[in-house]
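Worksheet for the structure shown next.
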Amino acid sequence: MFEDVSIFLNELFLERLNYVIYVVLLLIGLHAMIAKNNFIKKLIGMSIFQTAIILFYVSIGVKEGATIPIYLPEHDPHGEQAYATGGPEALTVEQVTSYANPLPHVLMLTAIVVGVATLGLALALCQKIYQGYGTVEEDELMAKLEKEDASSRKPKTHPAGKSSSKPEVSSRARRSGTNSVGKTTAPQAKKSSGTRKTKAPVKKATRKSDQKKGDSK
Amino acid sequence: MMENSIAWILLFPLFGAVLSSLLGMANRKVCWPIGVLSALGAFVAGIMTLIRVIDSPDHMVVYLFGGWTLDSFPRGVGIEFRADLLAILITLIVLGVGLCVAIYSKLPVKEETPGKEHFFYPLFLLQITGLAGICLTGDAFNLYVLIEVAALTGYGLIAMGSKRAAAATFNYVILGTIGASLYLLGVGYLYIKTGTLNMVGINEFIGATEGLKESSTMQVAFVLICLGILIKMAFFPLHAWLPNAYCHAPTATSCLLAPLVTKVMIYVMIRMVLTVFGVDFSFESTLWSSVLPWLVVIAIVSAAVMALAQREIKRMLTYLIVAEVGYMVGGVWIYNYYGMVGSIFHIISDACMTLCLFLGAGLILRKCKTTRFDGLRGLFSKMPLTMTGFFVGGFSIIGLPPTCGFFSKWYLITGAMVAECWEYMVALLFSTMVMVVLFFRLIERIHLAVNESGENLGKGHGDLGLTKEQTRFSEGPLTMLVPLLSAAAVVLAIGIYNQEFVNLIEIFLDPFDLPGEPLIK
């Protein structure tokens, strides 16, 4: 009985520790993606989730005592032996066992690229959401969307065109508020007259308010 | 050209995407012609491949990329594209819908996302590449990459709409990534057990190895892959991403994605069940075939009821898609020959009729600036051709005889009867009745002068209570109208020539030995 348990534990924590870690990471990632309120935290969860799968695949390809899949000098398929025999020969089964399987790693290179693309796209989406609604918190966004829906349902005229009218006003008001803050913090902005220059302090101000938000949390 | 026709299917849209992105930076006007031409080229290559597949003795065309051979056992390295009858039929649907929407997209893209043509068309063409590749590939990992190609471009296309679309896309990104990652994980488990990624190779290995069917690793792989695909195809409890994403997407995007993405994922499920895991393992070694029909019933009924609650055409249509996904999943999992024929035929017909409906909805939206039901009064006298096309799609969704929807539903119901899966049959009939209510309610709004609460606004027969100005004939532009009408014609044509399609599907299904012998032959 105790032997069985010890064998099981041995297998779990020594021989297959990487698989245990991959499952734990997978679940952490999944939890963050589903349960977290902040979009950025969801994306962090997504990265952890994908990394866990990469760990799983790399674990498949591990072979103890094996080397990278580049011909060892003693096998020498392109060297003098090859010239003597008239071309590269296929390795024997015994020779093949000294190399690690490269395929899982190669697959994961592709998966990493896919993961990077997804993350980049999702971050761009976050930026667009923040520009549109001024928040990256899911509950705040939902409240704003519901308000938008309600305002689009009331008037009988075109809801598709008008749906964005109300929140835009509020966001504009918010922007003008931050603008004044920006002006007080950065007096040199008064001189600038172009729209491009006046935008810069706004960005600074929102960034500052973001930091404050983060600090307070 | 002929022997490489499978590669051309992908190369046309792929290089079209690069071209339209590069040339589009200099001049936005060249994007649309490049998009249409590359979609057309791919469609022609698809038809050539179909002819080759039908002509070849074993109804299969194999294309090996990079000249790798697959002689060893289990099948070795190298990526293989296999076009059997099922694959090429679904590919042709993808390419046909792509061509239709490419022509249609000229004005909507210009009006809804002005100045972004050189972003739209590359993504559009890559989406077609991804979807066609999913259908053709014979490699499980390659399938994952192509799923992600299609998904990533889809996210981009949807998010191009309003800021509301960005919020909807974010949910789609999260759920889509979970789905694709679960699939990838399942492929990993398959690879542990079989040592190959080639679909046919995996199947051969499962058949040749004792005890593999009972292995729990295989069960885990199967569950993970199925779960991943079910999320991707918006099967009912996992459908949350779909309605918002398709509603708020730009018109041309929703016309391309709505008919294709969910259907292609159902194709992937059929491919996994039949080709990769094999019929024996999928239906007999797992519990899914006893659980899924009930889930399907819940899915169909709740999606139909939710569709009934909508007051806006586009939103209603998205819930119809969710219900239709339930039909097709059910057809696969009742484990019956007719169910499978119906399922495959329904993929084809549903893609055409959903295309019809979304193209029509796009035209309505453009004309009326709304797709809410109360804004549609008197629309038939204003744009009769559009509404005819729209309702051909609608009648096909209901399943009225000359349209293709009738025949696919016929096979599904026959399958349910032969398999004695009565709950599925009742769900199908229930949702059919709901669709009758949905579309005849729309017809009432459009043809008769009744308002939301049923009061008559006109003065007697034929009077809509509108001024002459409001009902004056004004159809949409030709670039939008022609795709809609040709889609409607295709819906009717597939219905009339249904036997040809069913014959092809039967040839494909012949070697799989599904239960349920023909009732009448």
B:PHE508 neighbourhood, Cβ < 14 Å, K/R = +1, D/E = -1, net charge -4
Note, B:MET265: beta-carbon cut-off 11 Å, +1 each Lys/Arg, -1 each Asp/Glu, net +3
Simple SL model, points at 7 angstrom along Cα→Cβ for A:ALA66 and B:THR388; separation in nm is 6.6
Each residue of B:365-372 has, on average, a number of other protein chain C-beta atoms within 10 Å of its C-beta equal to 3
For A:ASN38, the residues 5 or more places away or on another chain with a placed amide H closer than 5 Å to its own amide H are A:GLU138
Most packed first (mean Cβ within 10 Å per residue), the peptides B:146-157, B:209-220, B:410-421 order as B:146-157, B:410-421, B:209-220
From the Cα centre of the stretch B:272-310 to that of the stretch B:204-256, the distance in Å is 11
Given a Förster distance of 25 Å, the FRET efficiency implied by the Cβ-Cβ spacing of B:ILE507 and B:LEU64, rounded to the nearest 0.05, works out to 0.60
Set A:LYS128/B:LYS382; A:LYS147/B:LYS314; B:LYS232/B:LYS409; B:LYS314/B:LYS382; B:LYS232/B:LYS367, cut-off 29 Å on Cα-Cα distance; pairs above it are A:LYS128/B:LYS382; B:LYS232/B:LYS367
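Values in this text are rule-based calculations from the coordinates and carry no lab data. Note that the structure is predicted; figures quoted are calculated from it, not measured. With ideal geometry, Cβ positions are generated from the backbone for all residues, glycine too; neighbour counts draw on all protein chains shown.
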